[in-house]
1. State, in angstrom, two size descriptors of region 218-328 derived from its alpha carbons: Rg to one decimal place and Dmax to the nearest whole number.
2. If we count other beta carbons within 10 Å of each Cβ, what is the order of 351, 25, fewest first?
3. Would you mind calculating the gained length between residue 264 and residue 53 on full extension (0.36 nm times residue separation, minus the Cα-Cα distance), in nm to one decimal?
4. Going by Cα centres, region 27-67 and region 315-386 are how many Å apart?
5. Please give the contour-minus-distance gain from residue 149 to residue 229: 0.36 nm per residue of separation, less the Cα-Cα distance, rounded to one decimal in nm.
6. Most mobile of 128, 386, 278 per a Gaussian network model of the chain (Cα springs, under 10 Å)?
7. Run the quick spin-label model on residue 115 and residue 278: label points 7 Å from Cα toward the beta carbon, then report their separation in nm to one decimal.
8. So how tilted is helix 97-112 from the main axis of the chain? Cα-based, degrees 0 to 90, rounded to 10.
Ligand code: GLV
Ligand code: MN
Ligand code: MN
């Protein structure tokens, strides 16, 4: 008798609760930043659950964690499904965790029903997707797909921690996971994620089929002025980098997005050195996160940021250096994988809509080496990177059911290159 694989909704929701307790914040979110003690605890819990089910676990040199269920043809490259377990400093409990735990639920559902898939299937928790502690983000999938990581050795986190040290400790904290080289052939990749925007909820559509991800660029602007006494330095003697930074940010915020509805510009971090209440700062550093679906527009907006900063800095007799810390061109997903997800939604009689992701995801990098696509589920008020992030339990389960059907289809599809 063949059993029909089914998502166990209660088990999935219980797991979401259990992981939300790791790094839980008083306001109901999570702080489980990459390679922290909390991140290590979440990885440990997932590894334990996997070992209890008899799956094999691996990790690689950047601490990507893989849970493998063999297929009937073990020689085939695995189909990968998953997301990430690290979070923003005041993150929500679903960003990344939902996709990782839905993927694990799929693996368990196949195991429960004793389904033998043709391809091996691996659940993956990509390392440092967020990049909020150690920039850049999507480190795990970048390294996995061949990005040169030599320069990452010297990265220092916002809390002063060394990436190299924290990464080593994270890998060492999971000795049960066999080490394997970073990067390997993959037959396909499907990532489920919350939309992180409002459209699915507003349109009462349970499933988003993601066809592409827009591009992201991160800049670090450092404005250098001259430190001075707050009480004695008259206006004409000041070279105040804070004044220049505020003017530049204000100009950018009142021009870039109001003039281009597809553009996104965010200044998420600003710091003054030495940061003393009664001293004009010597320097001010701020970050700029830029997004746009069109590469030419991203280039034009970056040029605009540089020009505005140069002008405002000049006005205050300061100087600026602008460093690109991250450049992730957008990408379109594979039509075959998109179709597999649409077919999965249709087989469950669910409405869906095609959409472009405003957030970046590990799938963007995996799409460079394997057919990839993503499933979105609605989240309340489109809120994400916020402790109040919320997904209706029914929507989480529906997403997992679509992921299950898509996984079954993708794990048996004929081998072909992209
Ligand atoms: C991902 O976390 C993003 O910032 O898009
Ligand atoms: Mn995410
Ligand atoms: Mn995120």
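Coordinate-derived values only; no laboratory data. Only a predicted model underlies this, so the values are computations on that prediction, with no experimental measurement involved. So basically every Cβ, Gly included, is an ideal-geometry build from the backbone, and we count neighbours across all protein chains shown.
1. Considering region 218-328 through its Cα atoms, Rg and Dmax are 14.7, 49 Å.
2. In order of increasing Cβ crowding within 10 Å: 351, 25.
3. Residue separation times 0.36 nm, minus the Cα-Cα distance, leaves 71.6 nm.
4. Taking the Cα centre of each part, region 27-67 and region 315-386 sit 23 Å apart.
5. Numbers: separation 80, 0.36 × 80 = 28.80 nm, distance 4.27 nm.
Residue separation times 0.36 nm, minus the Cα-Cα distance, leaves 24.5 nm.
6. Per the Cα network of the chain with a 10 Å cutoff, 278 tops the list.
7. 7.0 nm
8. 10 degrees
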